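Read the structure below first, then the notes.
The values are calculated or read from the model by the stated rules, or taken from the named source; none is laboratory data. It should be emphasised that the depicted structure is a prediction, and the values quoted were computed from it without experimental measurement. We place every Cβ from the backbone using ideal geometry, glycine too, and count neighbours over all the protein chains shown.
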Amino acid sequence: MSSSALLWIVVLPLLGTLVPLVAQRWGKTACAVATAILPATALLLVLQFHADVVAQTPLTASWHWIPSLGLNLSFHLDGLGFLFALLILGIGLLVILYARYYLSDEDPMGRFYAYLILFMTAMLGVVLSNNLIQLWMFWELTSVSSFLLISFWSHRSDARRGARMALAITGAGGLALLAGLLLIGQVVGSFDLQTVLASGALVRAHDAYPVILGLILLGAFTKSAQFPFHFWLPHAMAAPTPVSAYLHSATMVKAGIFLLARFFPVLAGTEMWFLVVGLTGLATLLLGAYTALFKHDLKGLLAYSTISHLGLITLLLGMHSELAAVAAVFHIINHAVFKASLFMAAGIIDHESGTRDMRKLNGLWNYMPHTATLAMVASASMAGIPLFNGFLSKEMFFAETLHPGALGSLSWMIPVFATVGAALSVAYSVRFIHDVFFNGEPIDLPKTPHEPPRYMKVPVEILVALCILVGIFPEFMVGELLAAASQSVIRTELPEYGLSIWHGFNLPLMMSLAAVIGGAFIYYHRGTLFQLQAQFPERDMKAEFEKGVVALLGVAHRIMAWIDNGSLQRYSLLLVLAAIVMLAAPLTGLVRALGDKSLMPVDPFAAIAGFLLCVSALATVVLHRQRLVALLMLSVAGLIVSMAFSYFSAPDLALTQLTVEVVTIVLLLLALFFLPQSTPKETDPRRIARDLGLAAIAGGIIGTLSYALMTRSLDSIADYFVANSKTGGGGTNVVNVILVDFRGFDTLGEITVLGIAALGIFGLISRMPLYLPARDAFGNRWSNDVHPMMLGMVSRWLLPMALLVSVFIFLRGHNQPGGGFIAGLITAIAILQQYIANGVEWVRGRLRIHYAAMIGTGLGIALFSGVGSWFFGRPFLTTWFDYFSWPVVGKFELASAMVFDLGVYLTVIGATLMILANLGELSTRHRPDSRGES
Amino acid sequence: MEGVYAVCVGLLTACGIFLLLRRRTYTVVLGITLLSYAVNLFLFASGGLKLNAAAILGGNGDFADPLTQALVLTAIVIGFAMTAFIMVLAMVARAEMGNDHVDGTDVDHERTPEKEAQ
């Protein structure tokens, strides 16, 4: 059997999630049988590896996924994984059989099985993963599938609430686990489990060890219901009982224990490990055992008993001795076997009598003696009675507690507490049997109890048989398995231990004896204890948990309400603040703003222009309440910016800025017509002061940053473009070649955005309810004499010249300043001027251009020119160019980039005119004369 | 010269941000326009300032950084499209809400206690 079969162990059940959904139409039995086939095959696959595992030759199978991130699909089967895989698949199959009889006809069986098998897959993934991230992914999948299973009866409120609580607790623990695993990955430098397991010393010596330990333990403790996270488990009992038997006793809650065992070689062995893990285990052991005694609900008793036994295993792992680890592994096996059978027995009782309340259930021995016998054997095992499997691991546990531990002179407490815990365990086991099967007659049960269907008892019988067989022939039954699993936990020589029933009269046996007598004593005097306990008000953890969730949501809501209060001003403020913080922090690390480059001398004319720029910007701010004036000031600033571009060797930019400036100002003027002509005075001086301060700080930061950038020589990739512009792109205007060739794809995206913006604006305008003022800011009616004669005539003469210029600018663009963008804007301005000078009617009569079609055509041409290069086997948007000679004209160049530029040209014209012409027409077609001020 | 340039960029930024934080749509658009001047100048200058060095091959062999110029050129055009869009949005908002406050209400969010209390 090759190791790649490991993948199938996980994949088969995953495929199996679909089977019950298909098979449920063939009836319940067929559905259960069909569902069982794939997990059974997976179980056989696991068993194939028995010899390898016993021989201590673990198997690994890996597939590359994202190797650069250290993420591989990787599975590993060693003793521990083998043991868990057996438990998961073996008990899983028994649960499938049991659920066949447990579920009623109304329950959607296919869905139930699908969830169950999904959970099975997730658990197998957890125990077989060889990669930390992969392990975590399956870990979260167990939480999710557990949520689905607990809330299976989703019409019941307690099921929904219990499922939510379980998901919240285990999900939160899962996040902590992820953080811990990522930290381990950081420390070790790998997410590969084997590498991590081999680097235990490195992790334990690292500064981050306490954090790692805390996070991993959070994950493990929430999953395994350790104190103080134990409260979700009793509420998860709202799930159908097969789920409780499977998830909440045998497998999922053991995932946390599995994690502790898996990382035992990495994390264990420190004082901190003992204190946190050991004491948490001890507290959970006692608390669980004590609470279990008082539960009237059959499943509630078993749930707290489970918590208690999980605490016992945790305590054993916390002790960090080799023998304790062996005992822990042994108890994992034993607990899974007897607790699953007890849950199934409880389910049978519930199923056949209609209640789980032990105050009503009495004397069932007369009605279901067979089930009662099975339950008694399992309970005896739970109580740790000799000849049953629970006894053996409990003896080992007692023996381990006697070793002097890290508690120093207080170490005697541990065996005492352990005995107390065991006595309580005996007490609740006795109660489970005596209260249910004897102790008088049943009290008004909903149904007359009777034995369940024959095959419903088969899973219980198998498990109970295991309890006895392991209890009597431990070495024969589990010797090899236990050795292999323990070996992979402790990873050193196995200690000497003997799996036999009789070890002679020793202290552990005395402790067992004391526990049994003590337990019987406690049960006999339970009345007193119940009265004592009744004085403490019972806390409804569900309500408290939900209160906590509501409080948390309230805090989140308040934070959100502060950030997201519906005010754009608040958002802008937060953005500016964030930008200031992000920029200022690195700038404080810069020793001085002035760099190494020699500065340019100050040109007096340029300085005057700079001064004008500052004045116009300040004037825009100071006069911003008079909107028209502020707009004029703004336009001055824009003009000087375009001059600055021209002065500092950027002719293309200067031309673009100049033309865009024109259309922007026209746009803002048009918009002003529809808006108030002045801004009301700000009422709050504090806000003005605050904003002035913020603006000054932000401006100072940006100015400093700009200065620091300009005065440093920076490595730029610009040289590449300069060097390849002519040879690669066939043009001498490097800026234009970058736009249409090197970065042509960016430009294509950009004109697409332009087109979309124009269409969006058109959409907004065409649905705009008009708000048209009849008078201007000074109360004058708008002039009727809209088109001055002189302007109209001059504009008409200018149009062909402007168009000629734009064609010229377009054609020379590849080699001289110009290009599609600028030419398009010039054309748009020339047409716009006709609108302004001669009116909409005049232009519409003479110029029938469909602007949207123009945008579409432009984009189409640009796209086509890019796609065209595919036909020549070149990548998208590769330029082709060559030189031609025509008579008269002489030698000239043709480049496919010019076709692309034509697309840009058309899109720019279409978009600009679509925006401005539509906006302009809005006010003219509906001339605001008779409607009056609205 | 770099100092003068940096002062201009800083001042344009400051003026732009101040107007951006006002509460009337038109003022905010003016602020954004000023801010976009500042951003464009800033991006342009990150390639270094040069005189008589247009990135046209066949000149004196000294070239201004063409990459930042190409970047800014597209930024200018996109900037126009975005300015136009928010301006029209502001007009629609004014027409539908009846005021030109950026939050669509003439009430100041920051200073209404009942809003804060929610």
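Out of A:F900, A:F872, A:F892, I need the residue that is more than 42 Å from the chain's Cα centre (by Cα) and at pLDDT 75 or above. Which one?
Just one listed residue meets the conditions, A:F900.
Can you name every residue in the range A:268-281 that is assigned to a helix (DSSP H, G or I) and surrounded by fewer than 24 Cβ atoms within 10 Å (Cβ to Cβ)?
Once the filter is applied, which keeps residues that are assigned to a helix (DSSP H, G or I) and surrounded by fewer than 24 Cβ atoms within 10 Å (Cβ to Cβ), the range A:268-281 yields A:E271, A:M272, A:W273, A:F274, A:L275, A:V276, A:G278, A:L279, A:T280.
Would you check which residues across the range A:443-464 are within 18 Å of A:G363 (Cα to Cα), surrounded by fewer than 19 Cβ atoms within 10 Å (Cβ to Cβ) and of a type outside the set (V, I, T) and list them?
Going through the range A:443-464, the residues within 18 Å of A:G363 (Cα to Cα) turn out to be A:443-452.
Checking the rest, the ones that are also surrounded by fewer than 19 Cβ atoms within 10 Å (Cβ to Cβ) come to A:443-448, A:450-451.
Within the range A:443-464, A:D444, A:L445, A:P446, A:K447, A:H450, A:E451 qualify.
For (1) modelled with pLDDT of 95 or more; (2) crowded, with 24+ Cβ neighbours inside 10 Å, each residue gets a yes or a no:
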| site | (1), (2) |
| --- | --- |
| B:A38 | yes, yes |
| B:L51 | no, no |
| B:L67 | no, no |
| B:L73 | no, yes |
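Tell me the residue from A:A585, A:A578, A:A543 that is small (G, A, S), within 25 Å of B:C15 (Cα to Cα), out of contact with any helix residue (DSSP H, G or I) (no Cβ under 8 Å at 6 or more places or on another chain) and away from chain B (no Cβ under 14 Å), please. Before the answer, list the steps.
Numbers: A:A578 fails: away from chain B (no Cβ under 14 Å); A:A543 fails: within 25 Å of B:C15 (Cα to Cα).
After applying the criteria, what remains is A:A585.
Among the numbered conditions (1) surrounded by fewer than 24 Cβ atoms within 10 Å (Cβ to Cβ); (2) in contact (Cβ under 8 Å) with a residue 60 or more places away in the chain; (3) within 30 Å of A:C467 (Cβ to Cβ); (4) not charged (D, E, K, R), tell me where A:F82 comes up short.
(1)
For A:P495, indicate whether it is modelled with pLDDT under 90 and in contact with a Gly (Cβ under 8 Å, 6 or more places away or on another chain).
Here the answer is no, as A:P495 does not meet what is asked.
Give the range B:65-78 a look and list any residue that's of a type in the set (S, T, Y) and at the interface with another protein chain (Cβ under 7 Å from one of its Cβ atoms), or say none.
Residue satisfying the conditions is B:T74 alone.
Identify, please: which residue in the range A:743-755 is crowded, with 22+ Cβ neighbours inside 10 Å and within 8 Å of another protein chain (Cβ to nearest Cβ) and is, among those, nearest to B:A70 (Cα to Cα)?
A:T747
All but one of (1) crowded, with 22+ Cβ neighbours inside 10 Å; (2) touching a Gly at 6+ places or on another chain (Cβ under 7 Å) hold for A:T121, so report the exception by its number.
All conditions pass for A:T121, except number (2).
Do we have A:I717 as closer than 23 Å to B:S46 by Cβ, of a type in the set (A, V, I, L, M) and facing another protein chain (nearest Cβ under 7 Å) here?
Judged against the criteria, A:I717 is a match.
Condition (residue is within 29 Å of A:L568 (Cβ to Cβ), without any contact (Cβ under 8 Å) to a residue 12 or more places away in the chain and either within 7 Å of another protein chain (Cβ to nearest Cβ) or among the charged types (D, E, K, R) (or both)) applied to the range B:36-59: is it met by at least one residue?
Taking every residue of the range B:36-59 in turn, none turns out to be within 29 Å of A:L568 (Cβ to Cβ), without any contact (Cβ under 8 Å) to a residue 12 or more places away in the chain and either within 7 Å of another protein chain (Cβ to nearest Cβ) or among the charged types (D, E, K, R) (or both).
Taking the range A:550-574, which residues are among the hydrophobic types (A, V, I, L, M, F, W, C) and either more than 9 Å from every other protein chain (Cβ to nearest Cβ) or touching a residue at least 60 places away in the same chain (Cβ under 8 Å) (or both)?
Our first condition is that a residue be among the hydrophobic types (A, V, I, L, M, F, W, C); within the range A:550-574, this holds for A:550-553, A:555-556, A:559-563, A:568, A:573-574.
Hits for the range A:550-574 are A:V550, A:A551, A:L552, A:L553, A:V555, A:A556, A:I559, A:M560, A:I563, A:L573, A:L574.
Which is in a helix (DSSP H, G or I), under 37 Å from the mean Cα position of the chain (by Cα) and surrounded by fewer than 24 Cβ atoms within 10 Å (Cβ to Cβ), of A:L287, A:L312, A:L301, A:L323?
The match here is A:L287.
Being closer than 30 Å to A:F398 by Cβ and surrounded by 11 or more Cβ atoms within 10 Å (Cβ to Cβ) narrows it down to one of A:L529, A:L574, A:L587, so name that one.
A:L529
I need every pair where a residue in the range A:910-923 that is more than 12 Å from chain B (Cβ to nearest Cβ) has its Cβ under 7 Å from the Cβ of a residue that is at pLDDT below 85 and surrounded by fewer than 24 Cβ atoms within 10 Å (Cβ to Cβ), sequence separation at least 6 or different chains.
These pairs meet every condition: A:G920/A:V840; A:E921/A:V840.
Scan the range A:147-158 and tell me whether some residue there is part of a helix (DSSP H, G or I) and small (G, A, S).
yes
Which of the numbered conditions does A:H624 fail, given that it passes all the others? Conditions: (1) touching a Ser or Thr at 6+ places or on another chain (Cβ under 9 Å); (2) assigned to a helix (DSSP H, G or I); (3) facing chain B (nearest Cβ under 7 Å).
Condition not satisfied by A:H624: (2).
List every residue pair whose Cβ atoms sit under 9 Å apart, with the two residues 6 or more apart in sequence or on different chains, where the first one lies in the range A:260-285 and is over 9 Å from A:G311 (Cα atoms) and the second, anywhere, is of a type in the set (D, E, K, R).
Between residues of the range A:260-285 that are over 9 Å from A:G311 (Cα atoms) and residues that are of a type in the set (D, E, K, R), the close pairs are A:F264/A:R491; A:P265/A:R491; A:V266/A:R204; A:L267/A:R204; A:A268/A:R204; A:G269/A:R204; A:T270/A:R204; A:W273/A:R204.
Kindly indicate whether any position in the range A:197-214 is of a type in the set (F, W, Y) and assigned to a helix (DSSP H, G or I).
Keep residues of the range A:197-214 that are of a type in the set (F, W, Y), which gives A:209.
Among the residues that remain, those that are also assigned to a helix (DSSP H, G or I) are: A:209.
Looking for residues that are of a type in the set (F, W, Y) and assigned to a helix (DSSP H, G or I), one finds at least one in the range A:197-214, hence yes.
Residues checked against (1) in a helix (DSSP H, G or I); (2) modelled with pLDDT of 90 or more; (3) more than 7 Å from every other protein chain (Cβ to nearest Cβ); (4) over 23 Å from A:A802 (Cα atoms):
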| site | (1), (2), (3), (4) |
| --- | --- |
| A:V629 | yes, yes, yes, yes |
| A:M643 | yes, yes, yes, no |
| A:D652 | yes, yes, no, no |
| A:T656 | yes, yes, no, no |
| A:E682 | no, no, yes, yes |
| A:D691 | yes, yes, no, yes |
| A:G700 | yes, yes, no, yes |
| A:Y707 | yes, yes, no, yes |
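Got at least one residue in the range B:79-96 being at the interface with chain A (Cβ under 7 Å from one of its Cβ atoms), out of contact with any helix residue (DSSP H, G or I) (no Cβ under 6 Å at 6 or more places or on another chain) and at pLDDT below 85?
Yes, some residue in the range B:79-96 is at the interface with chain A (Cβ under 7 Å from one of its Cβ atoms), out of contact with any helix residue (DSSP H, G or I) (no Cβ under 6 Å at 6 or more places or on another chain) and at pLDDT below 85.
Kindly indicate the residue of the range A:590-609 that is surrounded by 10 or more Cβ atoms within 10 Å (Cβ to Cβ) and modelled with pLDDT under 85 and also nearest to the chain's Cα centre (by Cα) among those meeting that condition.
By that ranking, first place goes to A:L590.
Name, by its number, the condition in (1) more than 21 Å from the chain's Cα centre (by Cα); (2) not in a strand (DSSP E or B) that does not hold for A:V144.
Only one criterion in (1) more than 21 Å from the chain's Cα centre (by Cα); (2) not in a strand (DSSP E or B) is unmet by A:V144, namely (1).
Among the numbered conditions (1) closer than 30 Å to B:N99 by Cβ; (2) crowded, with 20+ Cβ neighbours inside 10 Å; (3) not hydrophobic (A, V, I, L, M, F, W, C), tell me where A:S649 comes up short.
(1)
Can you report the number of residues in the range B:40-67 which are closer than 27 Å to A:L618 by Cβ and in contact with a Leu (Cβ under 9 Å, 6 or more places away or on another chain)?
7
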